[in-house]
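The values are calculated or read from the model by the stated rules, or taken from the named source; none is laboratory data. All values derive from a computational prediction rather than experimental measurement. Note that each Cβ is placed from the backbone with ideal geometry, even for glycine, and that neighbours are counted across all protein chains shown.
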Ligand code: GAL
């Protein structure tokens, strides 16, 4: 379901239950307004009922039932590429240029932290500063994370007489440039957020601040993106609440935005990553790769006030399966991570992280970095998992086997005959899952390594089988001989 429907879901589960293809199971688990960290309850301001067609939608079944869904055929070896081709000769340089608007500064999908999942609309300079400090002290920076992304809530939609954005001085002393400078001073990159329409999500669905009319960039694209660039931002996420409400055409709006970013970069010399956030509406995987670095493929992974839930993670993973859209510098985005957030065990955090890594998805943590547990840190900073995610071929893992919800995903990695393999159990009991080397496009003999346990399992013939607990996974590196 799309963003607007998601908020309607939070308020009226019956609405969702009436929609086909929706992931209704999650609606029942929402604790609207129950998140003490952000305070306040969502308020739709009476406008939500007019928006949100049910589109995009996950492909998994609701209610925690095993899903054999997913957009991909279980097509066998050819879907992961033969061992000799590894998908042809993809560029590994991250230099694939789409006109200057999409540079990520490295070849892999963006890695960082974003404020939305833990703080919603309540962000201020001091909140972002504290998280940026913890970003460094917790080891995320050392592990390769770069971006500190300010999501919705920084702006109440006000402008001066020249149309320049104005912010609340007590929340953002020194304006937005000051926080960008602070983030840069830590050796990190800074991200900001707006909406493609006139009014942003903070108008339609306020979360901790009064409704913010005018909190979108429509009518000011050139002015706002130049402003973001001048303030020093390196990344901008552009949401779709206003665009959706106004019935704008996604491709047209985001192409205009990309052009404005290119113009801004030409003036300031600062590249700015464009993150398209229209929740998979109007199939962005068909047009966003040429104008952006990343594009959301589904609704939110967690709703305001909700808790972490595998029944949101798995549908978002499924909805992001568009392997032909992905290439170095251009990534399907199943949404920010909820690793380490309330409701998830260590095993669930690992599975979530592994799903994103096998996809080559952007890794934007959303937990509170200044209070994260050692376990959470170990998941977010696991260097082998990060290396899979950031593999320079940028190929998306694809499903190569599925026996009633016992699934095998394979991702072609750089090097010779290397695969990242995820064995995912979507059934309600523990079961043995077998990775057949032929399904991975490999020959009869291969060595196997368990990534999370960092254990070499030696050389195997034709396959590797292991018992996987219910709704759990095993992440492997399989290297053909
Ligand atoms: C949603 C978006 C979320 C978050 C939120 C802020 O539309 O998908 O990731 O940015 O808006 O209101």
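Can you tell me which condition residue 453 does not meet? The list is (1) in contact (Cβ under 8 Å) with a residue 12 or more places away in the chain; (2) closer than 20 Å to residue 353 by Cβ, and all the others hold. Result: residue 453 fails condition (1) only. Which of the residues that make up the stretch 125-142 are out of contact with any strand residue (DSSP E or B) (no Cβ under 8 Å at 6 or more places or on another chain) and more than 16 Å from the ligand (Cβ to nearest atom)? Result: 125, 126, 129, 130, 133, 134, 136, 137, 138, 139, 141, 142. Residue 278 meets all of the listed conditions (1) crowded, with 24+ Cβ neighbours inside 10 Å; (2) closer than 17 Å to residue 110 by Cβ; (3) within 16 Å of the chain's Cα centre (by Cα) but one, namely (2). Quick one: in the stretch 417-432, which of the residues that are in contact with a strand residue (DSSP E or B) (Cβ under 6 Å, 6 or more places away or on another chain) and surrounded by fewer than 24 Cβ atoms within 10 Å (Cβ to Cβ) is farthest from residue 399 (Cα to Cα)? So, considering only residues that are in contact with a strand residue (DSSP E or B) (Cβ under 6 Å, 6 or more places away or on another chain) and surrounded by fewer than 24 Cβ atoms within 10 Å (Cβ to Cβ), the one farthest from residue 399 (Cα to Cα) is 430. Looking across the stretch 204-231, the residues that are in contact with a strand residue (DSSP E or B) (Cβ under 9 Å, 6 or more places away or on another chain), surrounded by fewer than 24 Cβ atoms within 10 Å (Cβ to Cβ) and assigned to a loop (DSSP other than H, G, I, E, B) come down to 214, 218, 220.
Annotation: residue 193 fulfils all but one of (1) within 16 Å of the ligand (Cβ to nearest atom); (2) closer than 23 Å to residue 369 by Cα; (3) assigned to a loop (DSSP other than H, G, I, E, B); the unmet one is (3). Exactly one residue out of 134, 169 is over 20 Å from residue 224 (Cβ atoms) and modelled with pLDDT of 95 or more: that is 134.
Scanning the stretch 260-281 for residues that are more than 14 Å from the ligand (Cβ to nearest atom) and either within 30 Å of residue 346 (Cβ to Cβ) or free of Cβ contacts under 8 Å to residues at least 24 places away in the same chain (or both) yields a count of 1.
Any idea which residue in the stretch 232-259 is nearest to the ligand (Cβ to nearest atom), counting only those that are touching a residue at least 12 places away in the same chain (Cβ under 8 Å) and in a loop (DSSP other than H, G, I, E, B)? The residue in question is 240. In the stretch 282-305, the residue that is nearest to the chain's Cα centre (by Cα) out of those that are away from the ligand (no atom under 12 Å from the Cβ) and part of a loop (DSSP other than H, G, I, E, B) is 293. Looking at the structure I just gave you, is residue 354 more than 16 Å from the ligand (Cβ to nearest atom) and modelled with pLDDT of 95 or more? When the stated conditions are applied, residue 354 passes them.
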